[in-house]
Amino acid sequence: MDWQGWFALALAVGAVVTLSLTRIAPHMVMMAVLTLLSASGILTAEQALAGFANSGLITVAAMFVVAAGIHGSGGIDLLVNKLLGHPRSVRSAYSRLFAPVLLLSGLLNNTPVVATMIPAIHAWCRKIRIAPSKLMIPLSYTAILGGSLTLVGTSTNLVVNGQYQQLTGDDGFALFSITLIGAPVAVLGMAFIWWWFPRWLPDRGEQQAFGNLREFTLEVTVDPHGPLVGKTVAQAGLRHLERVYLAEVERQGGTLVTAVPSEEVLQAGDRLVFAGDTQAISDLLRINGILPSPENGHSATLNRYRAERRLVEAVVSPHCAALGKNIRDAKFRERYGAVVLAVARNGERVTGNLGNIRLKAGDTLLLEARPAFVTRQRYNKDFLLVNDLNAEAPRHERAYLSWGILLVAVGLAAVGVLSMLNAALIAAGLMIFTGCCSVNQAERSLDLTVLITIAASFALGTALQQTGVAELLAHGIIDVSGATPWLMLILTYIAVSLLTETITNNASAVLMLPIVLEMTDQAGLAHEPFVFAIMMAASASFATPLGYQTNLMVYGPGGYRFADFLKVGVPMNLFIATVTLSLLMLFWPLTR
């Protein structure tokens, strides 16, 4: 192997280490790798950028828009409302939950499905008197299992198929090729959840960390005859208080100022709403010009609906720009146009100085924001979930139409009338043309960080194959396994599974595919079972809340602790791995 091979191998190892040990975003890491491969001459410009034109990537982008159409038209709510009903036990609730989640995640990307269903499941939990902690992890795990049902069920399947076509020149896999392995795995996985999870998952009741606004807000009034009248918030010394944040100002006459800027001028009789340590009321009342509010302690201001205000819950993602910083230093108000009213971690509100709370992935924030915040942030990677607490029920007049578009597109792709790429593109166009989603919604649905990560990862996969690194690593796997086909299959699954827990599932699949194809060619083995093993292992991430996006999304709303995922996720990982590998070895010939 020449220097190009060693350089490509060093880049691959460096990318894995960087993604595992730092908070640098995956798309930035993979774009840096692409740049080095192109600048060093290992890949031509056409080879380095080929991933951006890959049919699998474009299909993923189109399916994001299709999912936006189903979401925007209320199609998910329609299905949920029809099928959930009134179960009387946890296992009965699981039986009703499995069908809609499996169907939705088999046809759409998991993230918008789970994001839409979390508030619906929360409301359902209150209705049927079952703790959300009993249902949120099953929601995420079922979505993961459903993603393995079809080639469009998760972006990983589409990406692997697209790279497989690019590397081998074959036609790739049909829409339901993966169903032969995904369906029995999903059924057995749901049976495992149904039997064991009611016993293993905690019963923490309706843990609404943000259920009572008066627990963390307080109100005072600007003295009409005091020295603060006519001063800005900053001049009055109300911007950098140690224990509380100024959240909003309500003026006489009903005018409301939210996410209050430093230059806002105080007027006589203004009611100031602060968030943070409510015990700080005595500190505030020591300020000359501040009077106690007659409604302090009751939070009547925040409990009333106002068009100028939105109260939203947002789950902090691993790629949030404010991650690892305290709220004050992150300049949260200026960055997002929202004020943090409270932070919940592990299902409990974090007490103490609000400005000094250091944000962690999985934290659930209660924010007071302007209405535009929800529009801007719903598909932003800083927050994996935005639950608009003031939102009205969605309109459903186009719900049936959106489902019709999706099912017709899937049907045409399944019978071979259209390719998956063309079916997805046409369905995306129809979602916009028929008004199931607006152009703005379609644009926001395109998760550019995911798309860039996928496209840039193709360059590294191509370099590993072209420089001989894949051949070298394939020889190593063959030697370790003693050229035993079933052991090579197990090692493939384990390698992808471990990479998925440390880097993104898409990147791990793209990195492993050229190595596995080289290995199977050298050993004279069939491609199909090994490619299916990559697809399944890349999605089967259950052991930690950070391993898969949907796990992190339910972490806060379910009131979970990290140990809860380990308790149910590790056995789930082992069970799904055993079932997948057993089925592949029993029903797919490993040799050609």
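Structure summary
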| read-out | value |
| --- | --- |
| Filtered trypsin sites (Lys or Arg not before Pro), segment 92-132: DSSP coil and at most 16 other beta carbons within 10 Å | 129 |
| Length-normalised contact order for the chain - Cα pairs under 8 Å, 6+ apart - percent | 21 percent |
| Estimated FRET transfer efficiency when R0 is 25 angstrom, pair residue 335-residue 240 (beta carbons, to 0.05) | 0.90 |
| Coil-residue trypsin sites (Lys or Arg not before Pro) of segment 25-93, DSSP, other Cβ within 10 Å capped at 16 | 88 |
| MRE, 222 nm, helices only [DSSP H, n ≥ 4, -39500 (n - 2.57), over the chain, to nearest 500] | -17500 deg cm²/dmol |
| Residue 199-residue 10 pseudo-label distance in nm [points 7 Å out on the Cα-to-Cβ vector] | 5.4 nm |
| Inter-label distance, nm, simple model (7 Å from Cα along the C-beta direction), residue 263/residue 449 | 3.1 nm |
| Whole-number percent relative contact order across segment 417-519, with pairs defined as alpha carbons under 8 Å at least 6 apart | 34 percent |
| Proximal charge balance of residue 477 [Cβ under 13 Å; K/R count +1, D/E count -1] | -4 |
| Cα-based shape type of segment 465-592, given that a ≥ b ≥ c are square roots of the gyration tensor eigenvalues and the cut on a/c is 1.5 | prolate |
| Around residue 465: net Lys/Arg minus Asp/Glu count, Cβ-Cβ under 14 Å | -3 |
| Spin-label model distance (nm) - residue 174 vs residue 255, 7 Å beyond Cα toward Cβ | 6.7 nm |
| Exposure proxy ranking, count of Cβ atoms within 10 Å, fewest first, for 274, 52 | 52, 274 |
| Segment 521-579, relative contact order [Cα under 8 Å, separation at least 6], % | 34 percent |
| Calculated Cα extents along the principal axes in Å (choose from [x] 89, 57, 47; [y] 87, 63, 41; [z] 78, 62, 43), label | [x] |
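All of the numbers you see were taken from the coordinates with simple rules; none came from a lab. Nothing here was measured: the structure is a model prediction, and the numbers come from that model. A quick note on method: Cβ atoms are made from the backbone with ideal geometry, for glycine too, and the neighbour counts reach across all protein chains shown.
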